[in-house]
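One structure is given below, encoded as structure tokens.
Just so you know, all these numbers are worked out from the coordinates, no wet-lab data involved. Note that the structure is a prediction, hence the values are computed from the model and not measured. Here the Cβ is made from the backbone with ideal geometry for all residues, glycine too, and neighbour counts use every protein chain on show.
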Amino acid sequence: MLNKYYDVTVSKVGIENNRVDEATLFQVVKGVQADDIFKKTLEYGIGNWELVNGSLYVHYDREGNGYTDEEAQEKIQELEELIDNADEEDEIAAWKADIQNLEDGVAYDIHQIYLVSEKAARILIEESDEIVFYNQELNAYVWCINFCGADWSEVLTSIPLNPERTA
């Protein structure tokens, strides 16, 4: 069993849950805090920031399960197929309510922004669902953190520590 990610030891919580934690990911990515970068580039008209990874929204079903944009669309399609083949009005009404909830995303709050290298951005883009923006004029990537007040070693990413255990 692996307990390292890019030679950085993963937290106990990460190992227990087979996920890389945010503290470990931060040690790998090594960003520079740049919380005002969106404001400053807008103020001075320096390019536009394009979302290149992750989702700015979380979508919930009636039971409170969270979904990314992509997962929500897949779940909606699944529910629409169930509706097409259903006979029970109660089930249909419940599934329609779920679809409505899933369509209404809740925006994540961005609490911190880190300027990261292209190599770090590639790791984030290829291996995670972390929020990453790119500004072509600056040729710069930023990683956006959507949690606060938590110990980074206890916040898990979408990155599996041991991919064979998630199958």
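Within 14 Å, Cβ to Cβ, of Phe38, how many net charges do the neighbouring residues add up to if Lys/Arg are +1 and Asp/Glu are -1?
Working: positive: Lys39, Lys40; negative: Asp35, Asp36, Glu43, Glu50, Asp109, Glu137.
That works out to -4.
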Spatially proximal lysines relative to Lys75 (Cα-Cα < 16 Å; intrachain offsets below 8 disregarded): Lys96
Using the Kirkwood formula over every pair of different C-alpha atoms, what hydrodynamic radius in Å results for the chain? 17.9
If the reach is capped at under 30 angstrom between alpha carbons, list the lysines near Lys39, excluding any in the same chain fewer than eight residues apart. Lys30, Lys119
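Quick one: net charge of Trp143's neighbours, Cβ under 11 Å, K/R +1, D/E -1?
Details: positive: Lys30; negative: Glu22, Glu130.
Summing Lys/Arg as +1 and Asp/Glu as -1 gives -1.
May I ask for the longest run of the chain untouched by trypsin sites (Lys or Arg not before Pro) that are loop-located per DSSP and have at most 16 neighbouring C-beta atoms (other than their own) within 10 Å? Don't skip to the answer; put the middle values down first.
Working: sites that count: Lys30, Arg62.
Longest stretch, sites excluded: 63-167.
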Taking every other residue with Cβ under 15 Å from the Cβ of Lys12 and scoring Lys and Arg +1, Asp and Glu -1, one gets -3
From the phi of every residue in the stretch 49-56, what ³J(HN,Hα) in whole Hz does the Karplus formula 6.51 cos²θ - 1.76 cosθ + 1.60 yield, where θ is phi - 60° and glycine or proline is x? 8, 10, 5, 10, 7, x, 9, 8
For the stretch 76-151, I need the span (max minus min coordinate) of the C-alpha atoms along each principal axis, in Å, sorted largest to smallest. 55, 27, 23
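Compute the longest continuous run of the chain that contains no exposed GluC sites (Glu not before Pro); treat a site as exposed when its DSSP state is not H, G, I, E or B and it has at most 16 other Cβ atoms within 10 Å. Could the numbers behind the result be given before it?
Values: sites that count: Glu63, Glu88, Glu137.
My reading of the result: 1-62 is the longest stretch.
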Could you grab the relative contact order for the chain? Cα pairs under 8 Å, six or more apart, rounded to a whole percent. 36
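Report D for the stretch 57-106 in µm² per second (integer): Stokes-Einstein, Kirkwood Rh on Cα pairs, 37 °C, 0.692 mPa s.
Details: Rh = 10.7 Å.
Answer, rounded: 306 µm²/s.
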Once Rh is set to the Kirkwood radius over Cα pairs, what Stokes-Einstein translational diffusion coefficient, in µm²/s, holds for the stretch 4-95 at a temperature of 25 °C and a viscosity of 0.890 mPa s? 139
